[in-house]
């Protein structure tokens with residue numbers, strides 16, 4: 001049964017790759033790869049169709065970067081509090097509350113980004129001149145969504161560091177903060193990096209938040225207050241359209257999905273190499 005479970009997982013992965021690859025090959029038979037990867041205009045449904053994916057990639061990079069800037073400091077701060085400072089009773093209260101954020105549906109996050117962050121916070125409170133959508137609001141809320149992922153995995157990695165190392169650092173005269181930053185965090189670095197990379201993967205693949213809050217206009221994004229369409233946002237919107245199955249417009253879904261798959265797979269390979277490089281065994 002265990003062997004069957006292993007082979008079934010591999011078969012499902014191969015099936016996903018084949019389902020993406022076959023329509024993508026038909027797409028690239030008509031659209032050159034360099035035009036797809038380096039073109040700056042994305043208009044697959046227009047009369048003068050253009051298939052440059054860089055506008056989608058730029059919006060994806062903006063939202064992912066903003067999410068990481070939001071989630072990494074807050075997630076690591078929460079992990080340090082839970083692992084090094086909070087007593088057991090407080091940890092038992094705070095960690096479940098923190099993980100509730102992971103259980104909120106992403107469509108709720110998207111509505112929160114549009115109505116409160118973009119509408120109330122940016123326009124009414126801060127007085128920013130912005131439209132109804134922006135990659136900044138989508139990225140900020142997406143960062144809040146991935147805080148539990150980074151915090152929980154980082155806290156597990158830091159809790160696994162032997163207590164003897166903390167006691168040795170304290171015996172040499174280091175205070176708790178010095179011990180945390182110079183002993184515990186470096187010792188748990190491989191687990192922290194894995195948590196951050198997992199957060200990046202989830203941010204890159206997030207759909208509903210960016211589909212609702214980032215906007216639906218595919219263009220090169222030059223600033224955080226601009227709207228833009230991400231790769232996952234395009235897939236979500238185009239999949240609900242009326243493109244004929246087998247047409248070039250329909251195959252763009254699979255081409256963008258394949259690119260997203262390759263980006264995520266590359267990040268996973270990089271994370272595995274980094275984790276192996278910094279892994280410490282006690």
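The values are calculated or read from the model by the stated rules, or taken from the named source; none is laboratory data. Remember, predicted model here, so these are calculated numbers, not experimental data. Every residue, glycine as well, gets a Cβ built from its backbone with ideal geometry; the counts of neighbours run over all protein chains shown.
Of note:
- Of the residues making up the stretch 263-275, those that are more than 17 Å from the chain's Cα centre (by Cα) and in contact (Cβ under 8 Å) with a residue 40 or more places away in the chain are 274, 275.
- Scope the stretch 78-98; condition assigned to a helix (DSSP H, G or I) and surrounded by 14 or more Cβ atoms within 10 Å (Cβ to Cβ); matching residues: 78, 79, 80, 81, 82, 83, 84, 91, 94, 95, 98
- The test for being touching a helix residue (DSSP H, G or I) at 6+ places or on another chain (Cβ under 6 Å) and buried (at least 20 other Cβ atoms within 10 Å of the Cβ) does not hold for residue 169.
- Considering residues of the stretch 233-249 that are surrounded by 14 or more Cβ atoms within 10 Å (Cβ to Cβ) and over 23 Å from residue 133 (Cβ atoms) only, the residue modelled with the lowest pLDDT: 243
- Answer from 220, 225, 258, 265 - the residue that is over 30 Å from residue 119 (Cα atoms) and either surrounded by 14 or more Cβ atoms within 10 Å (Cβ to Cβ) or touching a strand residue (DSSP E or B) at 6+ places or on another chain (Cβ under 7 Å) (or both): 258
- Members of the stretch 38-65 that are touching a residue at least 60 places away in the same chain (Cβ under 8 Å) and either over 20 Å from residue 214 (Cα atoms) or not in a helix (DSSP H, G or I) (or both): 40, 42, 43, 44, 45, 49, 51, 53
- Selection within the stretch 164-209: residues that are more than 25 Å from residue 139 (Cβ to Cβ) and assigned to a loop (DSSP other than H, G, I, E, B). The member of this set that is nearest to the chain's Cα centre (by Cα) is 188.
- Within the stretch 163-181, being in contact (Cβ under 8 Å) with a residue 60 or more places away in the chain and within 16 Å of residue 192 (Cα to Cα) holds for one residue alone: 180.
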